[in-house]
Amino acid sequence: MRSGYFFLLAAAVATTALTGCAGTADQKELNEAMTARAVAGDFHSIAVTNIRCNTRTEECAKSHAVKGDACLKLAIQQPVTASAQDAKVRELLDCAEAGYRKALELQPDRNATSRVSYHGGLLLTLSERRNRLDDGKEKKLDRENEKLLMAAQDARREVAGSALGFLYGASAHTYRAALLPAGRSRCNDLRQAESMLGRSPAPPPQLADEQQRIRTLVAQQLRANGCPRIQRR
């Protein structure tokens with residue numbers, strides 16, 4: 001689901017990366033400097049910033065999120081042929097995952113709108129890692145897909161008004177179905193995906209095509225695997 005990347009990044013492009021838990025005045029100065037770097041596209045310098053802030057504050061959470069954004073942006077820029085096992089790609093994706101998880105941990109307000117972008121960044125990171133794994137490594141594929149499935153579940157619980165947890169959850173169930181033998185063994189996951197798509201809030205315009213792509217794929221797979229119709233009373 002790379003198509004949603006720029007939507008997610010836009011939500012955090014004005015956030016900041018702090019090198020320590022400074023006072024309010026110092027934080028504001030650092031915020032302005034990091035914002036300028038993000039706007040200028042200087043993701044490399046942000047990605048190597050050492051974030052030492054660990055307080056449960058909005059600004060501290062943002063500092064980790066913006067580093068996650070920078071690392072994810074750089075990971076996505078790597079050649080499409082680069083596997084998640086490649087040292088550079090792995091390092092960038094690890095950095096992005098750590099940044100978003102820390103941001104969610106330190107965000108003090110469970111109802112803050114920024115949590116949507118933090119969850120979205122984590123979901124995209126986990127999806128990117130799964131999609132870059134080499135073919136044939138089913139155990140690793142399954143493990144990374146399960147991480148995405150759990151992160152999507154967390155997103156649906158915490159930001160239920162966002163389509164992100166539903167779309168990535170549907171993607172993960174569809175992917176898990178594909179790892180099973182062809183036939184009715186795939187039907188449960190495909191029905192789960194179908195249900196999530198049906199319950200999903202309207203996605204942002206940037207993800208509408210992705211939602212339709214998954215919906216079409218699920219419908220095709222339900223037919224191809226002979227999944228029985230659900231009898232509604």
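Please treat every number below as a calculation from the coordinates, not as lab data. The shown structure was predicted, so the numbers you read here are calculated from the model rather than taken from an experiment. Every residue, glycine as well, gets a Cβ built from its backbone with ideal geometry; the counts of neighbours run over all protein chains shown.
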(request) May I ask you to order 117-130, 44-57, 172-185, 143-156 by the average number of other C-beta atoms within 10 Å around their residues, highest value first? (result) 117-130, 143-156, 172-185, 44-57
(message) Pairs of alpha-carbon atoms within less than 8 angstrom and 6+ residues apart define the contacts here; what relative contact order does the stretch 107-233 have, in percent?
(response) 20
(request) Evaluate the charge dipole of the stretch 109-233 about its Cα centre and quote only its size in Debye, nearest 20, assuming +1 on the Cβ of each Lys and Arg and -1 on the Cβ of each Asp and Glu. (result) 520
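For the stretch 136-224, what value does the Rg/Rh ratio take when both radii are computed over Cα atoms and Rh is the Kirkwood radius, given to two decimals? Don't skip to the answer; put the middle values down first.
On the way: Rg = 12.7 Å, Rh = 13.1 Å.
Value, to two decimals: 0.97.
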(request) Provide the net charge surrounding Asp154, with neighbours chosen by a C-beta distance below 15 Å and charges set as Lys +1, Arg +1, Asp -1, Glu -1. (result) +3
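Taking the alpha carbon gyration tensor of the stretch 44-182, what are the square roots of 5 times its eigenvalues, largest first, to the nearest whole Å? Don't skip to the end; give the middle numbers.
Numbers: eigenvalues 131, 80, 20 Å².
Each semi-axis is the square root of five times an eigenvalue, giving 26, 20, 10 Å.
Assign unit charges at the C-beta atoms only (+1 for Lys and Arg, -1 for Asp and Glu), then state the dipole size of the stretch 152-214 relative to its Cα centre in Debye, rounded to the nearest 20. It would help to have the intermediate numbers written out before the result.
Numbers: 8 positive and 6 negative charges, 54 e Å.
Approximately 260 debye in magnitude.
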(message) Give me the mean projected area, in nm² to one decimal, of the convex hull enclosing the Cα positions of the stretch 83-139.
(response) 4.2
(request) Find how many whole Å separate the alpha carbon centroid of the stretch 207-226 from the alpha carbon centroid of the stretch 112-129. (result) 23
